Amino acid sequence: MYIDCHAHIFFSPIPKEAIDKDIKGEIPTPTIDFINRMISNAKKKGVSHIVGVISNPDEFPRYKEQLKLENIINIIGISRNKSLEDQAYMISLLRKEIERKIPHGIGEIGLEYPYDFDKLKEHEEKEIKKRQQELFRKQIQIAKEIAIPIVVHAGYGTDKDIVKMLKQEKADDVGGQIHGYMSNKELVSELLDLGFYFSFGYFHPREEELRTIIEITPIEKILIETDSPYHLIESPKRFILPEDVVPITKEIAKLKEVNPKTFANQVMKNSKELFNFN
Ligand SMILES: [Zn+2]
């Protein structure tokens, strides 16, 4: 059995400008019909569990819908994309949902500095970093209060700050998942030493630098994810779905030179250890 360790089941609608003309297949829409079909198609391919991440406060009302679904690992938090909005208000919304039911983890939280930083004025750059870090810090503290792991988005070039903040906040008390890690390999061992798991997706086996990260991560610390539906599969070009975790898991098993079944079982075991489910 397979697990998709990071997917957005109740996702925000895909913006029109992200839908290229040459995309094949159905465009994901967050209707209950599409979502049920997406989950049952994944099940048919052997994906028994999905880690469902709700990280946009606009989607928080759907947390209670997600709680009704079977074999879903519930993650809720506030994305760094929202860091310039009213943080106190968003945190209060988050706390209300946590009171409804304690999730398996807080996420995805973390940092993603804009690529066009050089076009921003210095004070704007400083402000964005400061606000993202504030939001990240507050949510690490919430996770520690209730003793659940964190799901960390570590965007390109943010790795040093991520490691620094995880250490300052003693986030190793709760541990977590490093998701979508696209930075260099130098800090991987530090994150592993803090007890964090690395979650690899469609892009990791396809880029040399990222392949090295797979190579140096022990299989006991690997999770596999799709980040559905926010990525595109290359050919035929279409939006990624939780069922795509099956070929990704097999690809990474091959890179690690492990029997694919043994590897899939290991990923399930790792997920259960981290997110504390049966
Ligand atoms: Zn995500």
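The values are calculated or read from the model by the stated rules, or taken from the named source; none is laboratory data. Remember, it's a predicted structure, so these values are computed and weren't measured experimentally. Please note: Cβ atoms are built from the backbone with ideal geometry, for glycine as well, and neighbour counts cover all protein chains shown. Quick note on the areas: whole protein, heavy atoms, side chains included, nothing else; ligands and nucleic acids left out. Shrake-Rupley method; radii C 1.70, N 1.55, O 1.52, S 1.80 Å.
For the stretch 39-54, filtering for residues that are open to solvent by less than 60 Å² (accessible area, probe 1.4 Å) and within 18 Å of residue 236 (Cβ to Cβ) leaves 1.
Counting only strands (runs of 3 or more DSSP E) that sit wholly inside the stretch 43-131, those with at least 1 residues that are of a type outside the set (Asp, Glu) and more than 16 Å from the ligand (Cβ to nearest atom) are 47-54. Checked against (1) under 26 Å from residue 1 (Cα atoms); (2) within 16 Å of the ligand (Cβ to nearest atom), residue 156 passes all but condition (1). Among the residues examined, residue 57 qualifies as under 18 Å from the mean Cα position of the chain (by Cα) and not charged (D, E, K, R).
Scanning the stretch 63-116 for residues that are of a type in the set (Gly, Ala, Ser) and in contact (Cβ under 8 Å) with a residue 40 or more places away in the chain, we see that the one that is nearest to residue 275 (Cα to Cα) is 105.
Looking across the stretch 241-278 at every residue that is out of contact with any helix residue (DSSP H, G or I) (no Cβ under 9 Å at 6 or more places or on another chain) and assigned to a loop (DSSP other than H, G, I, E, B), the one that is surrounded by the fewest Cβ atoms within 10 Å (Cβ to Cβ) is identified as 257. Every condition in (1) open to solvent by less than 50 Å² (accessible area, probe 1.4 Å); (2) within 16 Å of the ligand (Cβ to nearest atom); (3) out of contact with any Cys (no Cβ under 9 Å at 6 or more places or on another chain); (4) not acidic (Asp, Glu) holds for residue 230 except the one numbered (1). Count of the stretch 60-81 residues, restricted to those that are within 16 Å of the chain's Cα centre (by Cα) and of a type in the set (Lys, Arg), is 1.
The single residue among 204, 179 that is under 19 Å from residue 251 (Cβ atoms) and touching a Ser or Thr at 6+ places or on another chain (Cβ under 8 Å) turns out to be 179.
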